[in-house]
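Take a look at the structure set out below.
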Number of protein chains: 2
Amino acid sequence: MTNKRVYNFSAGPSQLPLEVLETARDQMLNYEGSGMSVMEMSHRSSTYQKIFDDTKATLKRLMNIPDNYKILFLHGGATQQFGAVALNLMDKGRADYVVTGNFSKKAAQEAAKFGDVHIAYDGKDNNYTHIPTQDELDIRDDIDYVHICQNNTIYGTEWNYVPDTKGAPLVADMSSDILSRPVDVSRYGVIYAGAQKNMGIAGLGVVIIREDLIKPHKENIQVLAEYDTMADKDSMYNTPPAYAIYVLGLVLKWVEKQGGLEEMEKRNIKKAALLQDYLDQSDFYIYETEKGSRSRMNVAFKTPNKDLDAKFVKESIEAGMTNLKGHRAVGGIRASIYNAMPYEGVEYLLQFMKKFEEENR
Amino acid sequence: MTNKRVYNFSAGPSQLPLEVLETARDQMLNYEGSGMSVMEMSHRSSTYQKIFDDTKATLKRLMNIPDNYKILFLHGGATQQFGAVALNLMDKGRADYVVTGNFSKKAAQEAAKFGDVHIAYDGKDNNYTHIPTQDELDIRDDIDYVHICQNNTIYGTEWNYVPDTKGAPLVADMSSDILSRPVDVSRYGVIYAGAQKNMGIAGLGVVIIREDLIKPHKENIQVLAEYDTMADKDSMYNTPPAYAIYVLGLVLKWVEKQGGLEEMEKRNIKKAALLQDYLDQSDFYIYETEKGSRSRMNVAFKTPNKDLDAKFVKESIEAGMTNLKGHRAVGGIRASIYNAMPYEGVEYLLQFMKKFEEENR
């Protein structure tokens, strides 16, 4: 029990900017003199439509999204898109998936329900500590698309280049690093992301799709997965996840106020380096993620043994930090340091790590 | 622009109890000493798990849900269930749909993508002012289920009995009247509802399903539509719409504190009668919904002409009421008076209606 806010290193849902929460709180009973909460607004009302349109416009501005891309705000997070991408884009029925961790594997498994999926690379032999180079990718000819997961939360890896796909559209799950740095959207066919890491709260999937990839839907798919229907209806075939879109809007405004994605990238480089440089010089902590494949969003490492991992987690909670326990698939420690984690939070963790090392080496 | 909260007659998303909003506001920065907002909580944390479990337990208690039913909290609202019900329950590939309005029609159209759908009744000839009697239902033998939409928001009708389905499981979309009165859950195979009317905010679909209807999923459906997977994982195959589930929990606690579904029913009967009795005796307003088919949640009526309808809507906004405009499919006026609409709100509307009649007759 604490009156203070903790430093929350959760991989997702995760820490939000304090200003965003304060605004949501202050507007809870009466949004800008409308006499009601955003939670209570008809999605067909002009007040809500403005929130929706502004959110889309801010995302377009922040990510510099070209005019020939559509932005969709859909139900269900990234997992819903694992299947939707395959159901919408598989014309030839063939797609290549690069497996760099848990979620890219799940995406590939889901897509394999709907077509011929080829694994262009699988990092299981190096325990997903490595992002493949261009030469390591076995991409087929004559496919509908290549799918990557751009940041792997469990293993703490991230793509630091845009792979060549031999002309096929590149589809990227950016759930855990969207908005953390500028990306050249024009190099992607589809970008999608669950909102609950860098964009807001769970229950919203953001899809950024090049218009020519929106084709007449197949007849036997659920309507919420039909990209053409959702694009035609501007994501309002049915009631959208309206409050989650509002929170996304607050987050985007916060990012813009901080200085946009360039500033986010600067901060994220600085925050990640603080931990990674220390881990590299330490002979106590074990940090196996390969240089060049490291994520700025999730830093996964270990102490010398499981008992110390558990002690680290326990003592970190007592020190006012939460969710530093590594994913059950890999154990150890994981610090998720998304946009909303301030530099001071990472510094605080670093001091704790140093002290823990001294006391337990 | 107003500092006061308005009476919000929106069909959905719709007015929430003030206490619910106040609690959400007060807990926004720090939920019960956890040091974080519910928005920021890992769905795998013990704090969030308790919110989730309590919400499920409260719903089970309030609706008196038998032990052989599972409760699922899913992404995507009722529209996602239109297809999911068909994809999961159609073993024989045959289902009968009763069309009593817009959403039951959409549900039937969606199900027809996945199997042989027979329309057991269609109210289009009476402009959906009538709920069919048992004798009017043409239910086939040897089908997987019968589907009804229990309350029709656009037309203001509601089933006031549970139809006999010749032994087939009854599937009911209760999006707009769930929690408004006690129901005997054991008479239904599946109950589902989008949360944004009587349960909270958009982006959450609640499914209450008899266990024997949860069968091994077909191979070619999206994972979020697999009832067996979602039941096995207790709705957490992926990150659930976590904040929407929290708001549902707040709403359920509020309903329980008011006295549960019996008390809700009493209030709803009283509120609906206030409007309906007045409309019946008025020779100004036109109220065509048949007695015996009338909804306690949505009262749809008209003034003598379209100009007066528009004037009514305009002046009602000036008087501090919103969203009284009828659905674009039918025009006129619609007052949605869900659980959260207090008696005083309906009285206030009634006084306005009387005055408007005097001034415009």
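Comparing B:THR100, B:LEU59, A:GLY33 along the charge dipole axis of the protein assembly as shown, the residue lying farthest to the positive side is A:GLY33, per the Cβ-charge model. In this structure the amide hydrogen of A:ILE119, modeled in the peptide plane, comes within under 5 Å of the amide hydrogens of A:TYR97, none closer than 5 places in sequence on its chain.
For the residue pairs A:LYS257/B:LYS325; A:LYS105/A:LYS215; A:LYS50/B:LYS124; A:LYS257/A:LYS311, the alpha carbons lie more than 28 Å apart in A:LYS257/B:LYS325; A:LYS50/B:LYS124; A:LYS257/A:LYS311. Taking the Cα centre of the protein assembly as shown as origin and assigning +1 to Lys and Arg Cβ atoms and -1 to Asp and Glu Cβ atoms, the resulting dipole is close to 1080 debye.
Counting only whole DSSP H helices of chain A, the ones at least 15 Å long by C-alpha along their axis and with mean Kyte-Doolittle hydropathy no lower than -0.5 are A:77-89, A:242-258.
The amide H of A:ARG94, built 1.01 Å from its N in the peptide plane, has A:ASP116, A:ASP144 as neighbours under 5 Å, considering only residues 5 or more places off or on other chains. The HN-Hα couplings worked out from phi for segment A:163-168 by the Karplus form 6.51 cos²θ - 1.76 cosθ + 1.60 (θ = phi - 60°) are x, 7, 10, 6, x, 6 Hz, whole numbers, x standing for Gly and Pro. Using a probe of 1.4 Å, the accessible surface attributed to B:ASP67 totals some 130 Å² when neighbouring protein chains are kept in position. Whole-Hz Karplus values for segment B:174-190 come out as 10, 3, 10, 9, 4, 6, 8, 6, x, 10, 8, 4, 5, 8, 10, x, 9 Hz, taken residue by residue from phi with 6.51 cos²θ - 1.76 cosθ + 1.60 and θ = phi - 60°; glycine and proline positions read x. Relative contact order for segment A:66-176: 27 percent, from Cα pairs under 8 Å spaced at least 6 residues apart, divided by residue count.
Between the C-alpha center of segment A:140-175 and that of segment B:157-219 there is a gap of 40 Å.
Across identical copies of the chain, A:LEU350 has label-point separations of 6.8 nm, listed in ascending order, with the point defined 7 angstrom from Cα along Cα→Cβ. Counting only DSSP beta bridges with both residues in the protein assembly as shown, the antiparallel share comes to about 55 percent.
Choose one answer from B:ASN30, B:ASN160, B:ASN339: the residue with the largest mean-square fluctuation in a GNM of chain B with alpha-carbon springs under 10 Å. Looking only at B:ASN30, B:ASN160, B:ASN339, the biggest GNM fluctuation is shown by B:ASN30. The other copies place their A:ASN127 label points at 7.1 nm from this one, listed shortest first, where each point is 7 Å from Cα along Cα→Cβ. Think of each Lys and Arg Cβ as +1 and each Asp and Glu Cβ as -1; about the Cα centre, that makes the dipole of segment A:21-257 roughly 500 debye. Over chain B, with the other protein chains present, what is the accessible area per residue in square angstrom, probe 1.4 angstrom? Each residue of chain B exposes 38 Å² on average to a 1.4 Å probe.
The other copies place their A:GLN27 label points at 2.2 nm from this one, listed shortest first, where each point is 7 Å from Cα along Cα→Cβ. Taking chymotrypsin sites (Phe, Trp or Tyr not before Pro) across segment B:87-169, the ones in a DSSP loop with at most 15 further Cβ atoms lying within 10 angstrom of their Cβ are B:TYR161. Highest GNM mean-square fluctuation among B:SER175, B:SER14, B:SER42, for chain B modelled with Cα contacts below 10 Å: B:SER42. Pairs of Cα atoms nearer than 8 Å and 6+ residues apart set the relative contact order; for segment B:292-345 it is 43 percent.
Under 5 Å from the amide H of B:ILE333 lie the amide H atoms of B:PHE301, B:LYS302, B:THR303, B:GLY326, each residue being 5 or more positions distant or on a separate chain, with H modelled from the backbone and absent for Pro and chain starts.
Residues in segment B:216-229 carry Karplus couplings, in order, of x, 5, 5, 6, 10, 10, 5, 4, 5, 9, 7, 4, 5, 4 Hz; the curve used is 6.51 cos²θ - 1.76 cosθ + 1.60 with θ = phi - 60°, and Gly or Pro positions show x. Taking a ≥ b ≥ c as the square roots of the eigenvalues of the Cα gyration tensor, the protein assembly as shown is classed as prolate, since a/c reaches at least 1.5 and a/b is larger than b/c. Mean separation of Cα pairs under 8 Å and 6 or more residues apart, divided by the residue count, gives chain A a relative contact order of 23 percent. Binning every alpha carbon pair distance of chain B at 20 Å from zero, what are the percents per bin? P(r) over chain B, rounded to whole percents: 29, 56, 14, 0. Using a Förster distance of 30 angstrom, determine the FRET efficiency expected from the C-beta separation of B:ASP142 and A:LYS215, and round it to 0.05. It comes to 0.20.
The values are calculated or read from the model by the stated rules, or taken from the named source; none is laboratory data. Note that the coordinates shown come from a computational prediction; the quantities given were computed from them, not determined experimentally. Cβ sites come from the backbone with ideal geometry, for glycine too, and all protein chains shown count toward neighbours. With ligands, DNA and RNA removed, areas are computed over all heavy atoms of the protein, side chains included. Shrake-Rupley method; radii C 1.70, N 1.55, O 1.52, S 1.80 Å.
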